[in-house]
Amino acid sequence: MKGDVLEYMHHLDETLATILKTFGIRGLNEVQRMAAESGLYEGTDNHVLVSMSRTGKSFAGILFIANEMFKRARAASEGAAEAGDECLALLVTPFHASARETSSVLSRYFGWFLRPCVLLTDARSPSTVIRLTGEVSPNVIVATPEAMRDLLRSPVLREWLEGRQVVCAVYDDVHSIMHDPYRSVALLEVSSYLAKLPSHPRVLVLSAQFDGSDRLSKVFDAKMTVDKTDYDTPDINLVNYSSTQEKEKGLFKVVTDIAEEGGTALVYMQSIDGIHEFLEKNGSALAASAAGEMDSMIRSRLQRIARVLGELGYEHSDLLAGGVAYYHGLLDETQRWFVEWALRRKYLRFLFGTESLGFGVNTPVSDVVMGATGIDEVFRQSMMARAVTLRRGKVNAGRCTVFAKSITDVSDLRRVYTSPRLPVRFINNATVSAVFIGLIGLGVIRTDKDRRSVSKVLELFYKKGSTEKALDALMKSDPPLVAKNAGDALSLTVAGNVAFELDISGSQLLAAVEGVRLLLSCAKHPTATDALMIMSYSLLADTQRSSDLKELDSALQAHFVTEYDSALKDVVIDTDHELSWHKAIEYSVLVLSCTHDGSPVPTTRKTTERLVYELRRFYPRFVGILEGIDASGMLGPSKKSQTMMQTLLKVTEEEIGLNTLSVSESKRERLSGWNLDFVDFADIERSIDGALDSDLSAAHKIQLIELLENVHTTTSALVDLMSRSQNDPESHRVLELICEHSKEGQLGENLTKALEEEGLVRPGTIGQLWKRFSTSVEQVKKRTDTPSKAAGILFSLFSGNIVGAATSSYEVLRVALSKSKGKVDTSGVV
């Protein structure tokens, strides 16, 4: 870094800057200084910050949130009108891994007044609703574009959000979001809605460089700041080859050399089959080479992770013990979490994957190996950036090896790294229709003039059909989804509102209506097979391609007709409907075949587990669709339709939900009732090992590990500060500032929140316990020989009480206290 960066901290709130310096953040790096000088931390404008990957711009966004929220909290403590506890900040990021990392950083440095909550998939699950609307609700939401859109479309959660002052919003990795039409339209819906809020939240858009990045300024109505620093590119090694065999041999040599050098690598391969073929042939040798100098603790932890993933059906799980794993889009969320977690903790040496590596993994490594050039330049740049690290504010370029046939000059790759071309993609009318349903439902589009404005925004990045025709199709669908009222005002119909509130597309709703109408034409009562077929047909409505429109395979058709009780088969098989229902029947048989030995399972890339996972996620929406159809009278008032809908709902809820799609969400998510005697919040790592070795389900293990890490990151900085405060006047002053500007017992409140949101204890049952904890601080400090001992004992004491109360066992508390050494008197505290 050039010059004295300490001076740039004055752009932040003075009190917050003082606290951050004590926590070790003593200055801003190049890109963060640039953001500060542009007025990001002191002004009121919206900003776009464009800089190379791995330059620290994401932390500039975290500082922006902390600064804006702290200014409101300080104003509230000084008696200003703003209610600090009711303020809310939002951060949207496309990657699951980066969302978790961002939340961790927020907790580590700002957990004394910020309470981040991560939303990655379904924002409207019962546990999430409880977490958001509970007594101790989060004041920072970190979410993917899809999850944030889901939150806004839920009436309950939108009401919760509108009851708060949304102070600011950060949209991170926007170049990756705009690269994906599905995610970009979700962000467009979110950003358009937030711009209409009465609180007028400030917006910061963060993006890597790409051609025409100035378009972001127009989309988000924001001031543009572009980092023109000439950063070093990774050391790029271009390998040309003439045959697949030659490439495979060269690829193995490259990764083996990296292993012997002690490096870590992400290895991109073009196909899932290619990954498994390579690991089948070379995985054992690579793992043996990579494990040579591995730390014994890491080896032991990887062996535990390997056992968990092996039980989940993760192929080549034995290679994990040597630090070798793979990652792609067909893994379910549980498998993906364990692989991401192992990489984030730097346990893995090699991670093989498809495009998911470039857009789903955010941990830097020493080397990137690309077995192919990838889908486009943005992906190529994203992959190469994974070899870049940021240390002490400085960018350190790693190595990237690219195997290519068509690219023969390495300068082409260097140009891609510094300024990739964003591909111009086409968005179809189904996607445009989904945008209109969302924006009309949120009140952003009210007239045809608003529709034209949205159309101009879409044209900045995409090719598309006529938005006027797409809107007209929504008004002419059966049933119609949009209506034009007096004065040409646009609004959603009853059917359109069902699609909006369930966060589904109009195509998915209309597909379900089509299936229900076909059932009405049948003489038989609907069965569970019929419910599963209609759910699959609705789920697939947005992704069905012309190549899917074909007749059933004869063996599969014969099996389906003879083995499954279905009313729909009489009106679908050997009719014009068979072409469009082919995929839905295929997927239904794939799920149902789990209970039929010798049945001809359809040929498909999806595993049964993956398909069941997708259907399980869609199931609550499908029930909502059926309830919406029934309540709105879309099928007419006839007695036959009412009876049929009641029967269909009954078989869907009683047979599909309980038998085919496994346990209910509440049973999957609750930790309460399990034996957690192995948990010791004073020894986080041993507790993580205990979680991995326990008989908890994989989902419960994830929740408990996240809880342990959340508690650790939230409290570790404060515990350290308490340790230093006795002899260091600056640390003592900062500790007083934190106590002054944070709610009393914030440490306990954060821990309480973490335990409640993970389902370990019921919300509201331990509210008094954390208050007792906060009032006990001074008592124990006076009877303890060092402040650090006091902090550690209080931490163990409080966490032990909660876990003990939740599991009917106080062993955790006793173990924590028995480990304490030094002069500690806790009499009268418990």
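The values are calculated or read from the model by the stated rules, or taken from the named source; none is laboratory data. Predicted, not measured: the structure shown is a model, and the values here were computed from it. Ideal geometry is used to build each Cβ from the backbone, glycine not excepted, and the neighbour counts take in all protein chains shown. In case anyone asks, the SASA skips ligands and DNA or RNA and just uses the protein heavy atoms, side chains included. Shrake-Rupley method; radii C 1.70, N 1.55, O 1.52, S 1.80 Å.
Mind checking which residues of the stretch 469-482 are open to solvent by less than 50 Å² (accessible area, probe 1.4 Å), free of Cβ contacts under 8 Å to residues at least 40 places away in the same chain and under 16 Å from Arg452 (Cβ atoms)?
Hit for the stretch 469-482 is Leu471, nothing else.
Taking the options Leu28, Leu91, Leu63, Leu49, name whichever one is buried (at least 22 other Cβ atoms within 10 Å of the Cβ), outside any strand (DSSP E or B) and either in contact with a Lys or Arg (Cβ under 8 Å, 6 or more places away or on another chain) or at pLDDT 90 or above (or both).
Leu63
Would you please list the contacts, defined by Cβ atoms under 8 Å and residues six or more apart or on different chains, that run from a residue in the stretch 302-316 that is assigned by the TED database to the domain that holds Arg349 and farther than 16 Å from Tyr347 by Cβ to a residue that is open to solvent by 10 Å² or more (accessible area, probe 1.4 Å) and part of a loop (DSSP other than H, G, I, E, B)?
Leu312/Asp332; Gly313/Thr607
Under 9 Å between Cβ atoms, at least 6 apart or on separate chains: pull out the pairs that start in the stretch 239-258 with a residue that is over 17 Å from Gly292 (Cβ atoms) and not assigned by the TED database to the domain that holds Val368 and end on any residue that is modelled with pLDDT of 95 or more and open to solvent by 30 Å² or more (accessible area, probe 1.4 Å).
none
Limited to the stretch 251-275, what total is found for residues that are under 22 Å from Thr354 (Cα atoms) and surrounded by fewer than 15 Cβ atoms within 10 Å (Cβ to Cβ)?
4
Right, Asp412: acidic (Asp, Glu), in a helix (DSSP H, G or I), open to solvent by 40 Å² or more (accessible area, probe 1.4 Å) and outside the structural domain of Ala473 (by the TED database) or not?
yes
Given (1) crowded, with 22+ Cβ neighbours inside 10 Å; (2) without any contact (Cβ under 8 Å) to a residue 40 or more places away in the chain; (3) of a type outside the set (A, V, I, L, M, F, W, C), where does Ser199 come up short, assuming only one miss?
Ser199 satisfies every listed condition except (1).
Say whether the condition of being within 18 Å of Glu685 (Cβ to Cβ), free of Cβ contacts under 8 Å to residues at least 24 places away in the same chain and either open to solvent by 20 Å² or more (accessible area, probe 1.4 Å) or not in a helix (DSSP H, G or I) (or both) is met by at least one residue in the stretch 276-296.
Yes, some residue in the stretch 276-296 is within 18 Å of Glu685 (Cβ to Cβ), free of Cβ contacts under 8 Å to residues at least 24 places away in the same chain and either open to solvent by 20 Å² or more (accessible area, probe 1.4 Å) or not in a helix (DSSP H, G or I) (or both).
Being open to solvent by 20 Å² or more (accessible area, probe 1.4 Å), touching a helix residue (DSSP H, G or I) at 6+ places or on another chain (Cβ under 7 Å) and acidic (Asp, Glu) narrows it down to one residue among Glu189, Glu159, Glu146; which is it?
Glu146
Working carefully through the options Gly441, Gly371, find the one that is over 30 Å from Lys484 (Cβ atoms) and either assigned by the TED database to the domain that holds Val482 or not β-branched (Val, Ile, Thr) (or both).
Gly371
Being part of a helix (DSSP H, G or I), open to solvent by 10 Å² or more (accessible area, probe 1.4 Å) and either among the β-branched types (Val, Ile, Thr) or under 15 Å from Pro138 (Cβ atoms) (or both) is the filter here, so list the residues in the stretch 97-113 that pass it.
Arg100, Thr102, Ser103, Ser104, Val105, listed by residue number.
Looking at (1) open to solvent by 50 Å² or more (accessible area, probe 1.4 Å); (2) closer than 30 Å to Asp211 by Cα, which is the one condition that is false for Ser466?
(1)
Return yes when Ala35 is modelled with pLDDT of 90 or more, out of contact with any Cys (no Cβ under 7 Å at 6 or more places or on another chain) and either among the acidic types (Asp, Glu) or in the same structural domain as Leu90 (by the TED database) (or both) and no when it is not.
Spelling it out, Ala35 is indeed modelled with pLDDT of 90 or more, out of contact with any Cys (no Cβ under 7 Å at 6 or more places or on another chain) and either among the acidic types (Asp, Glu) or in the same structural domain as Leu90 (by the TED database) (or both).
Among the residues of the stretch 208-221, how many are closer than 23 Å to Met69 by Cβ and buried (at least 19 other Cβ atoms within 10 Å of the Cβ)?
Here the count works out to 1.
Under the condition of being β-branched (Val, Ile, Thr) and either in contact (Cβ under 8 Å) with a residue 24 or more places away in the chain or in a helix (DSSP H, G or I) (or both), which residue from the stretch 557-595 is nearest to Phe618 (Cα to Cα)?
Only one residue fits best here, namely Val591.
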